[in-house]
Structure formats: C-alpha cells, structure tokens
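J.: Pasting a structure below so you can have a look.
Just so you know, all these numbers are worked out from the coordinates, no wet-lab data involved. Treat the numbers as computed from the prediction; the structure is a model and nothing was measured. FYI the Cβ positions are ideal-geometry reconstructions off the backbone, even for glycines, and counts take in every protein chain you see.
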Amino acid sequence: MTDFRKEEEKSMNFIEEIVESDLAAGKYKSIVTRFPPEPNGYLHIGHASSICLNFGLTSKFPGYTNLRFDDTNPTTEETEYVESIKEDIKWLGFQWKNELFASDYFDKLYEFAVLLIKKGLAYVDDSSSEQIATMKGNHTTPGQNSPFRERSVDENLGLFERMKKGEFPDGSRTLRAKIDMAHQNLLMRDPILYRIKHAHHHRTGNNWCIYPMYDFAHGQSDSIENVTHSICTMEFVPHRELYDWIIEKLQIFPSHQYEFARRNLNYTVTSKRKLLQLVNEKFVSGWDDPRMPTITGLRRRGYTPESIRDFCERIGIAKRDNLIDVSLLEYCIREHLNKISQRRMVVFDPLKIVISNFPEMHEEILKGEDNPEDPDAGHRDIPFSRDLYIEQDDFMENPPKKYFRLTPGQMVRLKSAYIIKCEEVIKDDAGKVIEVRCTYIPESRSGSDTSDINVKGTLHWVSMKHAVKCEVRLYDRLFRVEDPSSEEGDFKDYINPDSLQVIETAYAEPAVLTTTFNDRYQFLRKGYFCLDRESSEEKIVFNRTVTLKDTWAKELKKG
RNA sequence: UGGCCUAUAGUAUAAUGGUAGUACAACUGAUUUUGGUUCAGUUUGUCUAGGUUCGAAUCCUGGUAGGCCAACCA
C-alpha cells in the first residue's frame, strides 16, 4: 500500500508519458518494448538504465519486453557476450518475453531488400567505399548520384542474388536505397543497406556472405516483433527519418523510435571501446574487475540488483547530456546494505592492546548484534581476551582536537565489550608505538553496564588469539578526473594509480568463518564487504563494496 | 560552414501558461556502545536578449553554450 502511494506521487519521465497517452488514446491496447544489445561487449551501468526503462515500461503498463541481440556484424560479435548479457539482465531482476536475434530475420530481411529493388527503391552499386564517400558530399554540399543508380530492376535483382551467392569479393558491391543524394540528412543520401562480408557469423555460420546494415535491420526487426515503442539513445535521432522511410516503403508494422540521452557516470568510462581497452591492456583484471562499471564488475564488487535499480530510478530519463555523480550510486548501495548486512569487526592495520587487569589465560564470550537496523537479525558470539588488536589509527599519543579515540590516560569503549583506559605506551627503539597497555572496567560490560562512565569513542577490535586472517581488497574510483574522455590526450593517462589497495593480512573476528558468497557484511567503521570469487578455504578474500560515510576523515581533510 | 537535439541549484531530475519542488552532494545541530544509521535545519537554480500574455521555467523570435551527424559499426 505504501508502495502504491509512492508510485502515485512519483512523476513520470517523458517516455512513460508518451506511452500513457498512446494507451489513453487507444493507439495500442498493450505495448511491446525490446532491449537490443549488440553482443560485442559486456553490459555496463549505462545499459542498466536502458534495461530498467524498457522493462520498467512493461511492468508499469500492459505489455511485454523482448531481448533481441542486434547481431548483424559477424566480425565483432561473439557467443561469450550473448551469455554474459543474458546473465546480467537476469541478475538485475528482469525477465524477457522472447529471446530473439536480428540474425533470425536474415531471410526475411533479404526478402525486404528484394521488394525494395522491385519497387525501384534500391540498387546495387559497384562503387568502392572511397567513391561512395566522395559522392556523398558533406554538410554544406549535396552529393552526386552514383553512375550505377539507374540500373534496371532486373539487373539489380540479378546482381543482388549473385552478391548473396558469394560471387563477389568483400567490398566490391553494396545494395543501396534510392532516396535523395541532395537530402539534408546525410543518412538519407542513398544509405547502404547490405554489404558483402565473407565472414563466419556466431549463429548463422557460413550461410551468408552479405549482411544487412543497422539501418536495414533494426527497424524491420522491431516491426516484425510488433515493437510499439523502440527506445534508443540520442545519437540515433538522425536515423529515425530513415527508420520511418523503410517501414513506410515496405508497408510493415509501424514501430516508432524514441530517443533519450545515455546516462554518464563521473570518474569512469562507459564506452565499450574504452572498456575493452582497459581489459585488453590489463589496466584491470578483466570485465568483472570490481573497479569496472560493468554489471558483472559491480556484482563482483558487492552491489545488489536492488541498489542498481534504485539508482536508475533516481537518475531518471531525459534528453539532455548528463554526467551523474557517482556519490548517488554509492548512496544507493549504502542504503540497501545498511539494511541487510551483518555487522562484523575486522582490524586492517593492527596495534596490540594488552588489558593488564584481565587474567592472562581467561577468555569471555560476548554477544554482538548482527544488525542494529533489523531487530530480527540476532546476535553472534565474540571472544574477548587479554591481548587484542585495534586499528593503528585508533590510537594517538598526541591527538588533534576532537579526536575521540584512544589516547594516553583516556577511556574508550570497545564495541560490544568493555570500556578501557590507556595506561602505558610501549615503543620500539625507533620510537614507534608497538603496544598499548590498558586496564578495563569490569562493570562496564556491554549490555550490563553499571559503571556510569560516558565515553566519546567506540572502537572495533579483535581478540588476538581468536583472530582469523583474511585478505581485504579496497577499491577506489578508477579515474582521477570526473570525465576522462573529455580530457586532453589519452583517457588512460587519467587512471587512478591507487584504485586498488590490497591488505594482505587483516584480522577478523571468528564469525566471518561461516561467510558464504551471498553474505553481505558491514565491517564496523570500515565499510561494506563481500566475499570475492577468488576466495577459498585456504584464503579468505573480501572486497570492499563501498566505504561508510566518514565525517571524521572529512574533518581531517579540512585541517 | 549546413541540419538536428538540448539548456532549471555543485549533480541529476520535477513543475505540462498560475506558489520553482525532490533526491544526492555540501554545511549546522540533536541522537547514537559504529565519527555509521536516524532526526531537525541551512546554503545554492530557470543560459541570454526581446516578444506574446493579466500572468512565462513553460509559447514565439534572435543570440550564446554544449552534444550529435560526412563507418561497407551499432
């Protein structure tokens, strides 16, 4: 019920408005959308936005969404990508109605081409790529007709069939639409419909040696599937005129194209070409490197599908250029993880604490809340003993103002345990603090505190002899600048050299031993973590999904 | 140089001719056994010049700025 209210209050984006008014006007009884990836790379956060839009539309309004692979260029497309794309969409929480491929329509598309030839609207051109480019003209000067433009229908039919049969080498001929070489829209100057490519296709094998261009495949595929609202990004705006022209001349189901501005995230790149470079040139460990903005990278990093959907909902859909602040994505994942993750204590950079008034061989089992945000989450056992680790950061001999942590003579609480007081600082020959001797207040035990002592700071800790060693990988933004693509020179010059920091040995409380790959943890005062897929029985590896908000760090930065 | 698209706070997005709102970010403060969470509050905006109108972020015109278009890529 509360969800429904929320829905109602939320305003629609411009595409939802178009759909609503089409439905209200009785133009359609239900709608069909499609998500049309080319299987030549992995899906990234920008695609997530498009996926949420297309599938979201058909969950808000009657209708369904297809998954259609736009696989008309055999030289760049691979089955590996088909599989990853399907996995990512499912993981995001969406289910398509039909799984389709543009290559399913190669026969149909060929028939469409023949029909266009018969209508005198397409011709075979023997010009070279360079000649076609020259004759195209440019923004200010009209193009020139190809010398092959006036071939007879029969001659075109014969030549096109021979192209299909493989009688001509790559690049020697094309099929072109006969529109208008002086058209203001360059895409309407007799666009190429088919090209010859003697290449193996991931699905049709060697059946074909001619392949349709995007403009002669996409719109017709939409039409064949009765797609009502074909949604794409702004760079396809000029294609819409051609899209409509072909549908009109073929007299097939009139799908309509609508464009929105692709979503851009700061401190990263989301072009497939650039992501591929990062992978191939080993700036990252692969498509699923946790620093990558790919869906698979975000998944490995510990992002949840809920948080990504929430993010896409919040950033909205519009037509203007944008560069979205990654802090919103981080906000979304923190918000979700805060609700669902179990709390654990892990020390990254240990400093030994000895509780001198605690018996040496003694140990106690304390209870720690699994999640204070969730009353049903329960508790875990935490062993406490005389020798402990805290973070180096959490002790300072000469603290700055407003430092609430352990300092000589002062008291802090150990989370879920006791209040301790710093009594003595032990240093090595170089003057480095190697151990801090404390006393504890026995009656300050968490949950049954009768000490009446108030302390400012609470620290996380682990019992030395119970500590479990693990590796922790800390990630930061991949680039040093907000928009690497708009900087001078190569975008790779702006990679953040500190985007990965590995803590080879961190010390965790024993409760982490039962972690499964689905678990989400909040390491107290450190951030949210999940098990990395490289984790094993011998070596536990955690990925930091995102830090906690840290107002103290901010304070320090201000100086 | 032509055409097309776009312009609301630092960022993103609403307001559909009638009170410029929301979220994130930033900043105060309260609460807190996480410097987390939560809560209360503050700062910041209609690109510009005209026009239409009782009234313009919204409609019109000019300008400015950004983006896209001259692949046998999608």
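J.: Could you look through segment A:362-396, keep only residues that are in a helix (DSSP H, G or I) and acidic (Asp, Glu), and pick out the one that is surrounded by the most Cβ atoms within 10 Å (Cβ to Cβ)?
T.: Once the filter is applied, the top-ranked residue is A:Asp394.
J.: Can you find a residue in segment A:267-276 that is surrounded by fewer than 19 Cβ atoms within 10 Å (Cβ to Cβ) and away from RNA strand B (no atom under 15 Å from the Cβ)?
T.: no
J.: If we keep just the residues of segment A:298-324 that are acidic (Asp, Glu) and outside any loop (DSSP other than H, G, I, E, B), which is surrounded by the most Cβ atoms within 10 Å (Cβ to Cβ)?
T.: So, considering only residues that are acidic (Asp, Glu) and outside any loop (DSSP other than H, G, I, E, B), the one surrounded by the most Cβ atoms within 10 Å (Cβ to Cβ) is A:Asp310.
J.: Out of the residues in segment A:92-134 that are assigned to a strand (DSSP E or B) and within 37 Å of the chain's Cα centre (by Cα), state the one that is nearest to A:Phe69 (Cα to Cα).
T.: Per the stated criteria, the residue is A:Phe101.
J.: Exactly one of these conditions fails for A:Ile246: (1) over 30 Å from A:Tyr528 (Cα atoms); (2) surrounded by fewer than 21 Cβ atoms within 10 Å (Cβ to Cβ). Give me its number.
T.: Condition not satisfied by A:Ile246: (2).
J.: Let me ask another. Could you grab me the full set of residues in segment A:18-50 that are in contact with a Ser or Thr (Cβ under 9 Å, 6 or more places away or on another chain) and part of a helix (DSSP H, G or I)?
T.: Within segment A:18-50, A:Val19, A:Asp22, A:Leu23, A:Ile45, A:Gly46, A:His47, A:Ser50 qualify.
J.: Restricting the search to segment A:502-514, which residues are surrounded by fewer than 21 Cβ atoms within 10 Å (Cβ to Cβ), not hydrophobic (A, V, I, L, M, F, W, C) and not in a strand (DSSP E or B)?
T.: Those that are surrounded by fewer than 21 Cβ atoms within 10 Å (Cβ to Cβ), not hydrophobic (A, V, I, L, M, F, W, C) and not in a strand (DSSP E or B): A:Pro510, A:Thr514.
J.: From the list A:Gly137, A:Gly158, exactly one residue is surrounded by fewer than 17 Cβ atoms within 10 Å (Cβ to Cβ) and under 42 Å from the mean Cα position of the chain (by Cα). Which is it?
T.: Exactly one residue qualifies, and that residue is A:Gly137.
J.: How about segment A:144-188: which of its residues are more than 26 Å from A:Thr75 (Cα to Cα), in contact (Cβ under 8 Å) with a residue 12 or more places away in the chain and near RNA strand B (Cβ under 9 Å from one of its atoms)?
T.: A:Asn185 - this is the single residue of segment A:144-188 that is more than 26 Å from A:Thr75 (Cα to Cα), in contact (Cβ under 8 Å) with a residue 12 or more places away in the chain and near RNA strand B (Cβ under 9 Å from one of its atoms).
J.: Another one. Tally up the residues in segment A:325-352 that are part of a loop (DSSP other than H, G, I, E, B), within 9 Å of RNA strand B (Cβ to nearest atom) and surrounded by fewer than 17 Cβ atoms within 10 Å (Cβ to Cβ), please.
T.: Total satisfying the criteria: 1.
J.: Got a sec? Which of A:Ala122, A:Ala102 is buried (at least 21 other Cβ atoms within 10 Å of the Cβ), over 23 Å from A:Asn185 (Cβ atoms), in contact (Cβ under 8 Å) with a residue 12 or more places away in the chain and within 16 Å of RNA strand B (Cβ to nearest atom)?
T.: That would be A:Ala102, the only listed residue that is buried (at least 21 other Cβ atoms within 10 Å of the Cβ), over 23 Å from A:Asn185 (Cβ atoms), in contact (Cβ under 8 Å) with a residue 12 or more places away in the chain and within 16 Å of RNA strand B (Cβ to nearest atom).
J.: Tell me yes or no: at least one residue of segment A:487-497 is buried (at least 16 other Cβ atoms within 10 Å of the Cβ) and in a helix (DSSP H, G or I).
T.: Yes, that holds for at least one residue.
For every residue, the table says whether it meets (1) free of Cβ contacts under 8 Å to residues at least 60 places away in the same chain; (2) touching a strand residue (DSSP E or B) at 6+ places or on another chain (Cβ under 7 Å); (3) over 30 Å from A:Glu306 (Cα atoms); (4) within 13 Å of RNA strand B (Cβ to nearest atom).
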residue	(1), (2), (3), (4)
A:Pro191	yes, yes, yes, yes
A:Met213	no, yes, yes, yes
A:His218	no, no, yes, yes
A:Trp245	no, no, yes, no
A:Gln251	yes, no, yes, no
A:Ser255	yes, yes, yes, no
A:Phe260	no, yes, no, yes
A:Arg291	no, yes, no, no
A:Thr294	no, yes, no, no
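J.: Okay, next question. Applying the selection to segment A:220-238, what residues are within 11 Å of RNA strand B (Cβ to nearest atom) and either within 19 Å of A:Tyr123 (Cα to Cα) or surrounded by 21 or more Cβ atoms within 10 Å (Cβ to Cβ) (or both)?
T.: A:Ser221, the sole residue that qualifies.
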